[in-house]
Amino acid sequence: MKTVFITGASSGIGEACARKFAQNGYRLILNARREDKLLQLALQLKQDYGTPTLILPFDVRDRDTVRDRLQSLPTDWQDIDVLVNNAGLALGLEKEYEGDFDDWDTMIDTNIKALLTVTRFVVPEMVKRGKGHIINIGSVAGDAAYANGAVYCATKAAVKVLSDGLRIDVSDTPLRVTNIKPGLVETNFSVVRFHGDKERADNVYKGIQPLNGNDIADCVWFAASAPEHVQIAEMLVLATHQASGSVVYRK
Ligand code: NDP
Ligand code: 8X3
């Protein structure tokens, strides 16, 4: 049975990926900070598909904990076939010269530094085994800046470059590296971005049919299930009526 490790699996895209891999016979290692959500999901997937799941509730920004928890995985859970680096967030929507320092730190620490930390502790074992696939959840936001989103966009540009760099660094191995770049996906993303303002979050998806978590999980699965000699390097996935990070046609 193959094993997938998904960060940020308590909600949205990560949760949808967990279900997709479970449907396809993988067993799951699921991370996020909210343990109750992970337990609920694990129970549901056990009932629906008989999926064995290992819950790893921790903050991916805590480097020591990431190291300790990954280095003390039960022996029969140590062979990770697919890593989905999904945990991430945007905070705030402000001009670059007016942004909040704490929001910047949280985005940079989570979207860039924590993704690197998890990669650093998982990939060496993959290289040793000569087997593995790293799937990073980037964003259309990493392709070009949009108004009031510079820091979030910069973190996702970093995900693109880190994916490209890792792909170069493992090109002498059978490992594959994929950067999935979604556009507007209706998840908890905007509620988090606007610090819990649900009404403001709902407005982001008004007048357009956004993508949902399952749409992105389908893309992740397409990359993960491609034949071994096929490396989906990048996938840009937009809602119909969205043309870029800043061009959206709303009815
Ligand atoms: P959600 O807010 O629904 O999910 C985010 C997930 O990340 C949650 O499970 C959350 O879990 C987890 N998470 C956040 N911070 C941490 C942390 N410090 N440690 C561990 N887990 C953490 O949003 P999405 O599903 O939309 O977002 C998933 C990824 O997709 C992000 O990287 C986002 O940037 C990216 N993305 C989203 C798009 C969208 O429009 N929605 C478009 C393009 C990319 P918990 O709070 O329990 O820790
Ligand atoms: C999330 C997509 O366009 O809301 O990465 O920034 S967007």
Problem - The lone exception for Tyr97 - which of (1) over 25 Å from Ala158 (Cα atoms); (2) in a loop (DSSP other than H, G, I, E, B) it fails - result: (1)
Exercise for the section: Have a look at Leu91, Leu54 and point out the one that is outside any helix (DSSP H, G or I), under 30 Å from Val230 (Cβ atoms) and either more than 14 Å from ligand 1 (Cβ to nearest atom) or in contact (Cβ under 8 Å) with a residue 24 or more places away in the chain (or both). Expected result: Leu54
Handout entry: Verdict on Asp79 being among the acidic types (Asp, Glu) and in a helix (DSSP H, G or I)
Key = no
Practice task
For Asn203, indicate whether it is in contact with a helix residue (DSSP H, G or I) (Cβ under 6 Å, 6 or more places away or on another chain) and either open to solvent by 10 Å² or more (accessible area, probe 1.4 Å) or of a type in the set (Gly, Ala, Ser) (or both).
Solution key: no
Practice task
Select from region 11-53 the residues that are aliphatic (A, V, I, L, M) and open to solvent by less than 40 Å² (accessible area, probe 1.4 Å) and list them in ascending order.
Solution key: Ile13, Ala16, Ala18, Ala22, Leu28, Ile29, Leu30, Ala32, Leu38, Leu41, Ala42, Leu45
Problem - In region 57-72, residue least open to solvent (accessible area, probe 1.4 Å) [restricted to those that are more than 13 Å from ligand 1 (Cβ to nearest atom) and either closer than 30 Å to Gly149 by Cβ or not in a loop (DSSP other than H, G, I, E, B) (or both)] - result: Leu70
Exercise for the section: Output the number of the condition that Lys156 fails; it satisfies all remaining conditions of (1) away from ligand 2 (no atom under 16 Å from the Cβ); (2) among the basic types (Lys, Arg); (3) under 19 Å from the mean Cα position of the chain (by Cα); (4) more than 21 Å from Ala18 (Cβ to Cβ). Expected result: (1)
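The rows are residues; the columns are (1) among the polar types (S, T, N, Q); (2) surrounded by fewer than 19 Cβ atoms within 10 Å (Cβ to Cβ).
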{"site": "Pro74", "(1), (2)": "no, yes"}
{"site": "Asp79", "(1), (2)": "no, yes"}
{"site": "Leu89", "(1), (2)": "no, yes"}
{"site": "Gly99", "(1), (2)": "no, no"}
{"site": "Met107", "(1), (2)": "no, no"}
{"site": "Thr110", "(1), (2)": "yes, no"}
{"site": "Ala114", "(1), (2)": "no, no"}
{"site": "Pro124", "(1), (2)": "no, yes"}
Exercise for the section: Scan region 127-150 for residues that are in a helix (DSSP H, G or I) and crowded, with 23+ Cβ neighbours inside 10 Å and jot them down. Expected result: Ala141, Gly142
Exercise for the section: Would you confirm whether any residue within region 210-221 is more than 13 Å from ligand 1 (Cβ to nearest atom), within 23 Å of Val159 (Cα to Cα) and open to solvent by less than 60 Å² (accessible area, probe 1.4 Å)? Expected result: yes
Practice task
Can you tell me which residue within region 161-177, out of those that are under 15 Å from Glu228 (Cβ atoms) and open to solvent by less than 60 Å² (accessible area, probe 1.4 Å), is farthest from the chain's Cα centre (by Cα)?
Solution key: Thr173
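The values are calculated or read from the model by the stated rules, or taken from the named source; none is laboratory data. No experiment lies behind these values; they were computed from the predicted model shown. All Cβ positions, even for glycine, are placed from backbone atoms using ideal geometry, and neighbour counts span all protein chains on display. Quick note on the areas: whole protein, heavy atoms, side chains included, nothing else; ligands and nucleic acids left out. Shrake-Rupley method; radii C 1.70, N 1.55, O 1.52, S 1.80 Å.
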